[in-house]
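One structure below.
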Amino acid sequence: MAGGRQSRRSVRAFLLTTVVAAVVIVVGAELVIKQVSAAPDPLAAAVSSLRHSHVAAQLVQQREHVILMTAATKTFKVVGAPKVATRPTPLGTAATPAGSGGAPIIPTAPPNPGTAQSIAYNMLASFGFAHDQFGCLNNIWTRESGWRYNAENASGAYGIPQALPGSKMASAGADWQTNPATQIKWGLGYIKSTYGSPCNGWAFWQAHGWY
């Protein structure tokens, strides 16, 4: 009987030891699992810190900029090549015969002596004009007044050069109403100061119907 009791005690002690060991193992395993679960993931921590870093913010801004530029490029289209305006050639700089004043001359024979045309022809040089300018001058004043010193227009223009008003010619002489030479002197001065030469004035007259 004593041997049987001792055997049973040994079995109980073994079982108890086994149970305690098992409990210890289970508890230890749970602690290890909890520690592993509670420990932060290094990769996740690195990614999280990267998101909140200054570098990440710059990368996000650059990405948004690239997206906007790409969208703008898709909607952009070239309407056409820019046109460069051609600057007009200043009057008087074209390659024309000497003494023409920049506009084509009109060859004309010298007028008959004693006429208003002859007075104008002989007066050209005193204003710095060559005689080849007379053809242009003749074209203007033939159309304006027919070279009549008393030609009068309803607008108030008067005389051979059709000064408007006629009283402007008083600066060339008190006899501006009756003296063709006075009127021609004023008219040549007006043409020189306004157009530079009779042929330039004639070019303007052709384009506008007046000078």
Quiz item: Which whole-Hz ³J(HN,Hα) couplings does region 176-182 yield from phi under the Karplus relation 6.51 cos²θ - 1.76 cosθ + 1.60, θ = phi - 60°, glycine and proline marked x?
Solution: 4, 6, 10, 9, x, 5, 5
Practice problem: Show the residues, 5+ positions off or on another chain, whose built amide H is closer than 5 Å to the amide H of ALA163. | Solution: TYR158
Practice problem: Working from the alpha-carbon coordinates of region 100-184, get Rg over Rh, Rh being the Kirkwood radius. | Solution: 0.97
Practice problem: Just order 115-124, 170-179, 133-142, 155-164 by mean Cβ neighbour count inside 10 Å, highest at the front, would you? | Solution: 133-142, 155-164, 115-124, 170-179
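Only the coordinates and a few stated rules stand behind these numbers; no lab work does. Nothing here was measured: the structure is a model prediction, and the numbers come from that model. No Cβ is skipped: glycine too gets one built from the backbone with ideal geometry, and neighbour counts run over all protein chains shown.
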